[in-house]
Amino acid sequence: MVLIPHIHDSIQLVTNQMYMIKDDKGGYQPQGWKLSSSPQRGFMMLVVQLQRGVARHAGSRPRGSVERLISPARGISSSSQQPSAPGRTQCSSCTDTDHPKVLITGGLGQLGVGLAKLLRRHFGKNNVILSDIRKPPNHVYHNGPFIFSDILDCKNLREIVVNNNISWLVHYSAVLSAVGENNIALAREVNITGLHNILDIATEHGLRVFVPSTIGAFGPSSPRDPTPELCVQRPRTIYGVSKVHAELMGEYYHHRYGLDFRCLRYPGIISADSQPGGGTTDYAVQIFHAAVKTGHFECNLRSDTRLPMMYIDDCLRATVEFLEAPADSLANRTYNINAMSFTPHDLTQEIHKVLPDLKVTYNVDPVRQAIADSWPMALEDSAARRDWGWKHEFNLPELVQTMLTHITTGNQLAQAY
């Protein structure tokens, strides 16, 4: 049996072999285990060792023996506890009609649920509607309004916008890079036809519309280190082509019809709470789960493949700050945003500082590698920093510590018991 209560001033792990208690100096001391000289590193290694053992024996114990799930201790950042944007107070029950009414399409992907949580804290739970064509998990369904929305069905979209008095539309529905190359027809329909529906309805009803772009919007002829906002793009994937199309169509609608179109070129986004969705940068999420669960990871990109990356909290905060920026402060309608750049080797070396037994091997996927080799190594984002005050908070060391903390204090351990 494992009992892992959430205690604000101490954490106690109990098994028939090991437990930890808080000593009179405020540190944690194990009974039966020896921690390293670094309490944070030692504690994390302790949890990882226990969790790997659980993963190996998952299914051998009845799930009904769970006493309590792991909860993050006070002071640990969690994507379920997103920080408010600077200068804003959190709002858990706002109903003011002055707040925008927001619809998020493709809401069950990597970013939608997190953005909904953040916007609901700003604008009130009922002012942010999450939508998708899939059935949501229970915790998403019960956390705020959720509806079915098919971006390929104009009538359905129009009814949602009118019936719910939508004023902002965040368009996250998309087929990503690696998946798109395996199903070009689907990617073209979702990423291009779906976008046209969004732009037309947003124009009809005077909405502010946000459409993310990506490092995939650039190609092998683009400057790579860093990549400026205005340069030759010429992407070589249907995903990238569709994103360049979105950027240009959105800017055309802005100049032709006055549509309040806004677009950010995201780097690779890293999050502990959502599963990778078929993108070329997925390895940077998968490696953390493998490091904790098995201690071995097989990477599908070369060890020296440098790509721009961003932790999800920075990405979501940037999106909200950009959406809230006054229109007259925006010199552009499409901006680069940047945080850090690293290779698989760099990331492995940083993880080794906490989990030195992680073994990484390489089995290069030629499709994903070709895509990565055509993408930027870093994005030049001075315009975003100048025009609306963009500033990232997470660099590689903070990213690694945060990701490992999230995963090792997640539900996987308790769910196996």
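A straight Cα-to-Cα reach below 15 Å connects residue 243 with the aspartates and glutamates 181, 189, 229, 251, residues fewer than 8 places away in its own chain not being considered. Extension gain for the segment residue 364 to residue 332, taken as residue separation times 0.36 nm less the Cα-Cα distance, is 7.8 nm to one decimal.
For the set 315, 154, the ranking by accessible area, highest first and with no ligand, DNA or RNA atoms included, is 154, 315 under a 1.4 Å probe. Each Lys or Arg adds one and each Asp or Glu subtracts one; over the other residues with Cβ under 10 Å from the Cβ of residue 213, this totals +1. Per residue, the accessible area of the range 293-373 comes to 36 Å² when a 1.4 Å probe rolls over the protein heavy atoms. Counting only protein heavy atoms and a probe of 1.4 Å, the accessible surface of the range 197-290 is 50% carbon and sulfur. Quote the FRET efficiency, to the nearest 0.05, computed for residue 148 versus residue 350 with a Förster distance R0 of 51 Å and r equal to the Cβ-Cβ distance. The pair residue 148/residue 350 has a calculated efficiency of 0.80. Summing Lys and Arg as +1 and Asp and Glu as -1 over all other residues whose Cβ lies under 13 Å from the Cβ of residue 158 gives a net charge of -4. A DSSP coil position with no more than 12 other Cβ atoms inside 10 Å describes none of the trypsin sites (Lys or Arg not before Pro) in the range 219-320. Sites listed here are trypsin sites (Lys or Arg not before Pro) in the range 323-387 whose DSSP assignment is loop and whose Cβ has at most 14 other Cβ atoms within 10 Å: 353. Checking the table 125/293; 125/391; 135/155 against a 31 Å threshold on Cα-Cα, which pairs fail? The answer is 125/293.
Amide H to amide H, with H built 1.01 Å from N, residue 129 comes under 5 Å of 102, 103, 104, counting only residues 5 or more places away or on other chains.
The values are calculated or read from the model by the stated rules, or taken from the named source; none is laboratory data. Computed from a prediction, not measured in an experiment: that's the story for all the values here. Reconstructed Cβ throughout: ideal geometry from the backbone, glycine too, with neighbour counts over all protein chains shown. Side chains included, ligands, DNA and RNA excluded: accessible areas come from the protein's heavy atoms. Shrake-Rupley method; radii C 1.70, N 1.55, O 1.52, S 1.80 Å.
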